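Structure record follows, encoded as structure tokens.
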Amino acid sequence: MLPSIRRPSDLRRLTVAELDGLAAEIRALLVAEVSRTGGHLGPGLGVVELTLALHRVFDSPADRILWDTGHQAYVHKALTGRWSEFGGLRARGGLSGYPSRAESPHDVIENSHASTALSYAYGMATADRLRGVGDRRVVAVVGDGALTGGMAWEALNSIGGDGSRVVIVLNDNGRSYSPTIGGLARHLAGAEPHTFFATLGIGYVGPVDGHDVVAVQRALLQARDADGPVVVHCLTSKGRGHALAENDEVDRFHAVRPMDPATGVPLSSGGRSWTSVFGDELVELGAQRPDIVAVTAAMRDPTGLSAFAARFPDRVLDVGIAEQNAVTAAAGLAMAGMRPVVAIYSTFLNRAFDQVLLDVALHSCPVVLVLDRAGVTGDDGPSHNGMCDLSLLNTVPAMRVAAPRDAATLREALRSALRVTDGPCAVRFPKGTVGPDLPAAFSYAGLDVLRPDPRDDVLLLSVGPMARTCLDAADRLAARGIGVTVVDPGWVRPVNPLLRVMAPRFQVVASVEDNLAAGGFGSALADDLRDAGVRTPVAVFGLPRRFLAHGRRDEVLADCGLTAEAIAADLGRRVAAPERWRAVEPSGSVG
């Protein structure tokens with residue numbers, strides 16, 4: 001039946017029996033394709049009937065349907081003309097794993113971060129009222145723990161206070177990645193959630209069986225015709241209809257790698273991940289230091305804290321999808337004598353920058369920020385690339401930042417960060433497999449020399465996992481008779497003062513990082529050398545100041561010119577004709 005659904009309005013001609021058959025087809029599509037490509041499986045399986053009812057009651061895109069979080073929108077994509085494109089899910093040039101305005105007018109917001117849709121909805125509903133538009137609705141589907149975020153509560157306060165005509169579909173599956181925590185989850189499971197929302201000035205319908213299309217449709221019709229805001233409370237099961245997902249105690253197959261759909265076994269092991277190296281090291285350190293407390297924003301398992309939580313359950317603080325709360329709570333822990341380690345995705349740190357700046361750094365709190373998924377994450381798309389953390393943290397007084405290049409330096413960076421007592425530290429690493437260790441030829445004053453060369457042509461500074469790329473680029477240049485010394489500074493903030501001494505010996509100094517070229521390590525290095533009166537020209541290789549399309553990490557880096565071939569070609573030109581480029585500039589197309 002799915003090929004006959006070319007637009008959402010086609011759903012309105014189907015009988016209940018046909019809707020049940022279509023629901024089974026959609027689940028089969030999700031299991032088959034997401035198992036092959038990887039992606040978010042459990043959330044989509046849990047909202048099949050809910051999404052069918054939504055598109056039967058509301059007229060998308062005239063009625064705006066907002067998804068929070070956006071990984072719940074796979075079924076919505078299938079019902080809005082994109083079911084045949086699931087074979088390219090999350091691949092370069094294929095479907096995004098989140099709503100995408102470039103893909104369809106039915107995707108209103110590109111919402112992969114949680115707890116924002118209600119604010120969008122409040123603004124849209126207010127605009128409709130001011131412009132006299134009364135013939136359409138704004139619908140926000142809020143689920144997977146998104147109501148644990150503080151921004152959602154700010155929006156609920158505004159929606160209820162203004163009486164905005166917003167339909168809030170609460171997809172209550174009791175989980176974000178793992179079971180939803182906090183007072184809200186307990187209250188929603190209680191006897192009178194309608195009283196809870198009534199105190200905010202918001203109507204309530206439910207609870208409704210979210211897997212009964214007819215029941216959900218009836219509740220949505222009631223909410224659609226109300227004069228003010230209404231919550232439709234739908235009870236759903238994450239992973240519904242796929243036994244392996246339903247029985248997965250960790251996260252109901254929230255997000256999966258390519259796997260065998262019949263067994264759930266990944267198609268390839270992929271080697272050890274950066275995340276697991278961090279997680280194992282934290283357990284070791286936790287056994288040695290009873291003052292260590294791990295802090296997470298509803299992402300205990302994805303950030304590698306599962307083993308620590310199993311070993312030290314009383315020393316893990318999960319605040320829900322509330323990164324601001326996590327960082328300031330960590331400041332409070334530090335003030336009271338504990339050593340908090342905040343494990344968070346780099347891109348989600350953006351949401352708590354003010355807390356890092358004024359709640360942690362201003363108070364010189366020894367908080368350790370562990371930034372997973374730093375740099376290019378690839379197939380998760382533009383919202384998940386951790387491309388800003390170095391640029392943001394470079395503005396924070398007294399912040400120290402480590403960028404380990406391998407497992408050994410990650411372990412050492414974490415231990416070093418926990419020895420710091422006079423201010424915050426951050427340790428950043430990418431998504432994916434860590435690879436073999438890259439030992440230094442020798443170390444001096446905090447700098448690891450990975451590849452010495454007697455010819456002082458190029459000083460090439462690698463940031464974190466870009467070390468392998470830099471070594472490859474150096475070999476290519478050496479084959480052309482150009483001497484390249486590759487140095488890993490390890491701690492990229494503050495800039496190591498020894499670089500002021502080294503730089504004048506070389507024709508060119510270059511830095512390579514998977515962070516924005518603007519404001520990152522290379523930018524700080526250039527400023528530091530200029531302030532010291534060093535006249536050696538600096539080339540900065542980094543990510544461009546634009547949102548990067550989804551694809552594999554290596555594809556995205558190649559698009560940004562961050563390959564050994566591109567770097568070697570650029571530096572070769574600069575060494576051959578140094579008079580043709582400015583003293584300090586970002587590298588051509590990637591600056």
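Okay, here's what the table says:
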{"read-out": "Zone residues, the range 281-319, relative to residue 272, backbone N less than 15 Å from point 7 Å out along Cα-to-Cβ", "value": "281-285"}
{"read-out": "Net charge, residue 68 excluded, C-beta distance under 12 Å - Lys, Arg +1, Asp, Glu -1", "value": "-2"}
{"read-out": "Stokes-Einstein D for the range 248-300, Kirkwood Rh over Cα pairs, 37 °C, 0.692 mPa s (µm²/s)", "value": "238"}
{"read-out": "Prolate/oblate/rounded label for the range 455-497 (Cα gyration tensor, a/c 1.5)", "value": "oblate"}
{"read-out": "Peptides ranked, highest mean first, by Cβ atoms within 10 Å: ranges 347-356, 135-144, 441-450, 251-260", "value": "135-144, 347-356, 251-260, 441-450"}
{"read-out": "Label-point separation, residue 531 to residue 199 (7 Å along Cα→Cβ), nm", "value": "5.1"}
{"read-out": "By average C-beta atoms within 10 angstrom, highest first, the peptides 425-435, 70-80", "value": "70-80, 425-435"}
{"read-out": "Cα extents of the range 231-274 along the three principal axes, largest first (Å)", "value": "44, 26, 16"}
{"read-out": "Estimated translational D of the range 350-480 in µm²/s (Stokes, Kirkwood radius over Cα pairs; 25 °C; 0.890 mPa s)", "value": "150"}
{"read-out": "Distance from the range 1-24 to the range 354-373 (C-alpha centre basis), Å", "value": "50"}
{"read-out": "Global form of the range 387-432, assessed from the alpha-carbon gyration tensor, a/c cut-off 1.5", "value": "oblate"}
{"read-out": "Taking N as its residue count, the alpha carbon Rg of the range 264-416 over 2.2 N^0.38 Å", "value": "1.00"}
{"read-out": "Kirkwood hydrodynamic radius over Cα pairs of the range 28-184, then Stokes diffusion coefficient at 20 °C and 1.002 mPa s, in µm²/s", "value": "134"}
{"read-out": "Whole-Å distance, taken between Cα centres, linking the range 35-61 and the range 301-317", "value": "31"}
{"read-out": "Nitroxide proxy distance, nm - points 7 Å out along Cα→Cβ at residue 565 and residue 468", "value": "1.7"}
{"read-out": "Taking the C-alpha atoms of the range 1-72, convex hull volume expressed per residue in Å³", "value": "94"}
{"read-out": "Counted charge near residue 475, where neighbours are those whose Cβ lies closer than 12 Å (Asp, Glu -1; Lys, Arg +1)", "value": "+1"}
{"read-out": "For the range 200-255, average projected area of the Cα convex hull in nm²", "value": "5.2"}
{"read-out": "Rounded to whole Hz, the Karplus (6.51, -1.76, 1.60) HN-Hα couplings of the range 64-81, x for glycine and proline", "value": "8, 10, 10, 10, 9, 8, x, 6, 7, 8, 4, 5, 4, 4, 5, 8, 10, x"}
{"read-out": "Rg/Rh (Cα only; Kirkwood hydrodynamic radius) as it applies to the range 72-154", "value": "1.02"}
{"read-out": "Three-way shape label, the range 435-590, alpha-carbon gyration tensor, a/c 1.5", "value": "rounded"}
{"read-out": "Distant-in-sequence amide H partners of residue 305 (H built 1.01 Å from N, under 5 Å)", "value": "none"}
{"read-out": "The chain: calculated mean residue ellipticity at 222 nm from DSSP helix runs of at least 4, using -39500 (n - 2.57)", "value": "-10000 deg cm²/dmol"}
{"read-out": "Förster radius 30 Å - calculated FRET efficiency between residue 20 and residue 247, Cβ distance, rounded to 0.05", "value": "0.85"}
{"read-out": "Kirkwood Rh in Å, taken over all unlike Cα pairs in the chain", "value": "25.4"}
{"read-out": "Mean Cβ neighbour count within 10 Å, used as a protection proxy, ranking 37-50, 535-548 highest first", "value": "37-50, 535-548"}
{"read-out": "Between the range 432-483 and the range 227-290, the alpha-carbon center distance in angstrom", "value": "36"}
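Coordinate-derived values only; no laboratory data. Just so it is clear, the structure is predicted and the values come from calculations on it, not from any experiment. All Cβ positions, glycine included, derive from the backbone under ideal geometry; neighbour counts span all protein chains shown.
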